[in-house]
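Following: one structure in structure tokens, then a few remarks.
The values are calculated or read from the model by the stated rules, or taken from the named source; none is laboratory data. Treat the numbers as computed from the prediction; the structure is a model and nothing was measured. A quick note on method: Cβ atoms are made from the backbone with ideal geometry, for glycine too, and the neighbour counts reach across all protein chains shown. Side chains included, ligands, DNA and RNA excluded: accessible areas come from the protein's heavy atoms. Shrake-Rupley method; radii C 1.70, N 1.55, O 1.52, S 1.80 Å.
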Amino acid sequence: MTHRRIDFRRVLFLIFAFVMVFTFSLLATKNTLKTNAEGFDPGNIISDAAMRDYNSLSEADIQNFLKSKNSCNDTNLSKTGNNVDYLSENSPYSWHVKDGHYVCMADETFNGGTAAQIIYRAAQDYHINPKVLIVLLEKEQSLVRDTFPNSVQYRSATGYGCPDTAACDSKYYGLNNQIRNAAAMFNDVLNGGWTNYPVGNNYIQYNPKSSCGGSTVFVRNLATSALYRYTPYQPGGDANSDCAAYGNLNFYNFYTNWFGSTQQVFKSSDLESTYLPDGTYNIVSAGGGEMAIDVENYGTTNGTNIQIFNYSKDNKAQQFKITRESDGFYKIASIISGKVLDVSGGSVLPGANLQLHQSNGTCAQKWAISYDINKHFVFRSACSGNSIDVNGGATNIANTNVQSFTYNKTVAQEWDLVSLDSATVADGDYSIVTNTGYAIDIAGGSTSNGANVQLFSRNFTNAQVMHLTRLPDGFYSITNPQANKAFDVRDGSTANGANIQIWGFSNTCPQRWAIESKPNGFYVIRNACSGNVIDVSGGAITTSGANIQSHMYNGTNAQMWMFLSPTKDTSLSGGTYYLKTHQGLALDVVGASKNNGANIQIYAANQTKAQEFKFELGNDGYYTITNTNSNKVIDVSGGSSNNGANIQIHVSNGTCAQKWLAIPSASSGYYTFRNACSGKTMDVSGGYIGTGGANVQLFEYNSTIAQQWLPVRVQ
């Protein structure tokens with residue numbers, strides 16, 4: 001067998017620092033050596049956002065890219081001898097030959113998995129850009145473009161566990177091991193873990209030999225720091241000398257040649273931004289010192305400094321309007337001036353000052369907001385991923401400056417929000433009901449963790465009683481008192497279709513809900529992890545047992561909810577009433593007709609049977625309303641759900657067009673009547689509540705007095 005000389009295609013330097021034990025090194029390849037330094041900044045080789053873009057390529061994209069760089073059809077078997085037909089990572093310099101050609105990495109399998117699968121899985125598990133891992137494989141062992149790779153290249157594919165002074169550690173052998181360990185290390189540094197070259201000034205050598213010299217480099221971000229932890233040398237000196245070490249320049253050149261700029265800015269998903277309702281808030285330090293973010297001296301000019309100061313809910317210098325933008329980031333504006341929180345100069349450096357500035361849409365004014373494991377909020381800049389931070393961690397000292405600093409999970413970067421907006425729904429017990437009268441229900445009345453949440457016909461049992469509690473930041477917890485457990489998105493999933501269950505209260509984001517009112521009197525209920533809403537699976541809003549899930553908002557009736565009394569309203573049951581408007585006109589069957597389809601209007605109160613209506617309560621909590629003159633019931637023509645659909649009388653048929661939910665209104669003694677088909681309301685056309693002959697129609701709820709009716713019992 002012929003062996004390829006390792007110095008012909010492989011190892012130039014061993015260059016990786018191993019934490020606390022020995023110095024790891026990577027295998028820089030001589031044939032890929034690049035000396036073109038155009039655009040290369042040793043202090044900013046790649047942005048944190050670019051290294052974190054773990055969704056940049058799908059598994060199929062990775063496979064297609066690998067194949068585009070290597071057709072995997074090298075038939076020149078004389079390079080190694082044609083007697084080798086297998087590859088073993090435990091046998092030095094073995095090659096895999098199949099059907100008369102070498103098998104390259106794109107076509108190889110590793111314990112049943114392809115290289116593309118391994119790269120993709122590591123990228124997803126550690127939130128590292130797969131492009132970074134692909135470049136690393138090429139930079140270290142030429143595995144992307146090599147047409148006849150051998151087992152040694154695979155076993156140390158990224159050079160992980162290869163110290164400068166000893167052989168590679170066999171416990172890190174194998175393509176899967178190598179890629180996953182590299183991704184894990186990058187992730188560790190990006191998460192604020194140990195690094196030998198932290199952000200700031202560092203003396204970085206040109207070569208493992210100290211005699212080759214070096215220089216001070218201002219490392220500008222964590223991703224660049226991670227590359228130096230991996231390859232602790234900067235390019236310098238003569239490329240052909242013994243002092244040449246161009247691993248990081250090679251990384252930069254491969255990345256930019258193949259994928260474009262390394263200076264990508266963050267997307268909100270990169271920073272795992274959670275959902276926060278638009279509103280006005282105090283931003284209070286979680287450090288225990290009763291301090292809040294504060295506009296220094298109530299300033300209104302560009303450049304006004306941001307500090308922490310003694311917290312007062314009513315202090316306007318501490319009140320900020322937070323608004324979600326279309327890209328998923330948030331803008332944070334002082335209510336005094338409308339100017340927004342801004343990183344001075346758009347700097348990506350730790351310690352950059354936080355100030356007010358006129359809104360300009362730059363990344364310096366965009367913030368990802370997440371709810372962390374400690375149940376506090378973290379604000380991270382779209383420019384750098386750095387966090388809003390109290391200088392020096394002095395969270396209990398008034399007038400301490402607020403800055404942007406490397407995300408480090410300390411209490412100096414954790415904040416509690418206090419909502420200054422009115423509650424959308426008052427705390428209390430409710431049935432949460434669709435426009436068809438079906439209610440959210442705990443399956444089987446279970447009290448166990450993990451019990452499923454479903455839709456069921458309204459039955460007024462304890463399984464359909466839900467307690468709403470508004471939290472200080474404006475989110476709600478929704479609990480079933482019988483089980484004493486909270487609505488919870490299973491596994492905290494942000495995917496469409498994620499199941500909703502009940503679980504012991506934890507105040508984590510899977511159990512936190514924003515309740516938003518809609519113009520038609522319904523509400524949507526959004527989860528804090530994803531912003532997805534409580535939804536009936538498949539839109540099956542008339543099906544008992546239909547699953548309740550979390551789903552992207554789409555405005556359908558499957559996502560619209562009413563909060564109703566959990567007990568059956570029997571106040572009108574069995575009684576006969578005149579229904580009067582605020583101006584005293586009464587609901588009336590035109591001409592006292594007894595015909596199907598006879599129109600309903602309002603008319604001067606005359607105490608005739610054309611204006612008498614008997615209320616009968618069904619088991620589902622809906623009323624049928626029967627005109628005593630005709631013995632026919634109030635009905636929506638054609639069962640329509642359209643605004644303006646006519647209201648008439650019709651022979652009873654038990655359909656939703658003839659069922660009405662009676663809801664006491666804000667005006668004492670008045671009711672609104674919602675139809676079971678659509679949830680829309682009995683309404684006086686045009687709002688002409690004092691005009692005899694005005695038509696009565698169906699219309700979306702709008703809280704006007706045109707939809708309010710006073711029941712006056714017939715004596």
Open item on the list: I'd like to know which of TRP561, SER381, GLY504 lies farthest towards the positive end of the charge dipole of the chain, counting +1 on Cβ of Lys and Arg and -1 on Cβ of Asp and Glu.
Closed with: TRP561
- [ ] Would you please put 387-393, 109-115 in order of how densely packed they are, using the mean number of other Cβ atoms within 10 angstrom per residue and starting with the highest?
- [x] 387-393, 109-115
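How high is the FRET efficiency from GLU290 to SER537, r the C-beta distance, R0 56 Å, rounded to 0.05? Spell out each step's value before the answer.
On the way: r = 45 Å, r/R0 = 0.81.
Step by step, r from the Cβ atoms, then E = 0.80.
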TODO: Can you figure out the FRET efficiency of ASP61 with SER637, using R₀ = 51 Å and their beta-carbon distance, to the nearest 0.05?
DONE: 0.40
Task: Tensor-based shape of the range 171-294 (alpha-carbon gyration tensor, a/c under 1.5 rounded, otherwise prolate or oblate) - done: prolate
Open item on the list: Taking the solvent-accessible surface of protein heavy atoms with a 1.4 Å probe, what is the per residue accessible area of the chain in Å²?
Closed with: 38
Task: Binned Cα-Cα distance frequencies in the range 237-372 - 5 Å width, integer % - done: 2, 9, 15, 17, 17, 12, 6, 5, 6, 5, 4, 2, 1, 0
TODO: Rounded to the nearest 500, what is the 222 nm mean residue ellipticity of the chain from helices alone, with -39500 (n - 2.57) per DSSP H run of 4+ residues and division by all residues?
DONE: -3500 deg cm²/dmol
Open item on the list: Can you compute the label reach from SER573? Point 7 Å from Cα along the Cβ direction, backbone N cut-off under 19 Å, restricted to the range 667-688.
Closed with: 671-674, 676
Task: Model label zone, GLN583; criterion: amide N under 12 Å from point 7 Å along Cα-to-beta-carbon; scope the range 636-674 - done: none
Task: Computed FRET value (nearest 0.05) for SER506 with ILE335, which takes r as the C-beta separation and R₀ as 35 Å - done: 0.60
Open item on the list: Tell me the angle of helix 247-259 to the major Cα principal axis of the chain, expressed in degrees between 0 and 90 and rounded to the nearest ten.
Closed with: 50
Open item on the list: Once you order the gyration tensor axes a ≥ b ≥ c over the Cα atoms, which shape class does the range 658-715 get: rounded for a/c under 1.5, otherwise prolate or oblate by comparing a/b with b/c?
Closed with: rounded
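Please work out whether the range 569-699 counts as rounded, prolate or oblate from its C-alpha gyration tensor, where a ≥ b ≥ c are the square roots of the eigenvalues and a/c under 1.5 means rounded, while otherwise a/b larger than b/c means prolate and anything else oblate? Kindly include the intermediate steps, with their values, before the conclusion.
Numbers: a/c = 1.18, a/b = 1.11, b/c = 1.06.
Rounded is the answer for the range 569-699, as its axis ratio a/c remains below 1.5.
Take peptides 479-486, 208-215 and line them up by average Cβ neighbours within 10 Å, highest first, as a rough protection proxy. Before the final figure, lay out the partial values.
Details: 479-486: 19.0, 208-215: 13.0.
Packing order, densest peptide first, comes out as 479-486, 208-215.
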TODO: Identify, among THR424, GLN464, SER56, the residue whose Cα sits farthest towards the positive end of the charge dipole of the chain, taking +1 on the Cβ of Lys and Arg and -1 on the Cβ of Asp and Glu, with the dipole about the Cα centre.
DONE: GLN464
Open item on the list: How much length would be gained if the chain were fully extended between GLN607 and LYS518, taking 0.36 nm per residue of separation minus their Cα-Cα distance, in nm to one decimal?
Closed with: 28.3 nm
Task: aspartates and glutamates whose Cα lies under 15 Å from that of LYS609, excluding same-chain neighbours fewer than 8 positions away - done: ASP588
Open item on the list: What aspartates and glutamates does LYS171 reach when the alpha-carbon gap must be under 16 Å and sequence neighbours fewer than 8 apart in one chain are set aside?
Closed with: GLU89
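Step through the table entries LYS98/LYS131; LYS316/LYS375; LYS594/LYS614, compare each Cα-Cα distance with 21 Å, and write down the pairs that go over it. Can you show the working numbers first?
Working: LYS98/LYS131 28 Å; LYS316/LYS375 25 Å; LYS594/LYS614 15 Å.
Beyond 21 Å: LYS98/LYS131; LYS316/LYS375.
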Open item on the list: Explain nothing, just the number: dipole magnitude of the chain about its Cα centre with +1 on each Lys and Arg Cβ and -1 on each Asp and Glu Cβ, in debye rounded to the nearest 20.
Closed with: 700
- [ ] May I ask you to list the aspartates and glutamates whose Cα is less than 19 Å away from that of LYS409, ignoring any residue fewer than eight positions away on the same chain?
- [x] ASP48, ASP188, ASP270, GLU272, ASP372, ASP389
TODO: Work out the length of the dipole vector of the range 546-654 about its Cα centre, built from +1 on the beta-carbon of each Lys and Arg and -1 on the beta-carbon of each Asp and Glu, and round it to the nearest 20 debye.
DONE: 160
- [ ] Return the sequence-ordered ³J(HN,Hα) values of the range 554-567 in whole Hz as given by the Karplus equation 6.51 cos²θ - 1.76 cosθ + 1.60 applied to θ = phi - 60°, using x for Gly and Pro.
- [x] 9, x, 7, 5, 5, 10, 9, 10, 10, 9, 10, 4, x, 9
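How large, in percent, is the carbon and sulfur part of the accessible surface of the chain at a probe radius of 1.4 Å?
46
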Task: Spherically averaged projected area in nm², based on the convex hull that wraps the Cα atoms of the range 324-444 - done: 11.6
TODO: Describe numerically, in nm with one decimal, the distance between label points set 7 Å from Cα along Cα→Cβ at LYS375 and at ASP421.
DONE: 2.3
Task: In degrees, nearest ten, helix 175-190 long axis to first principal axis of the chain (Cα) - done: 70
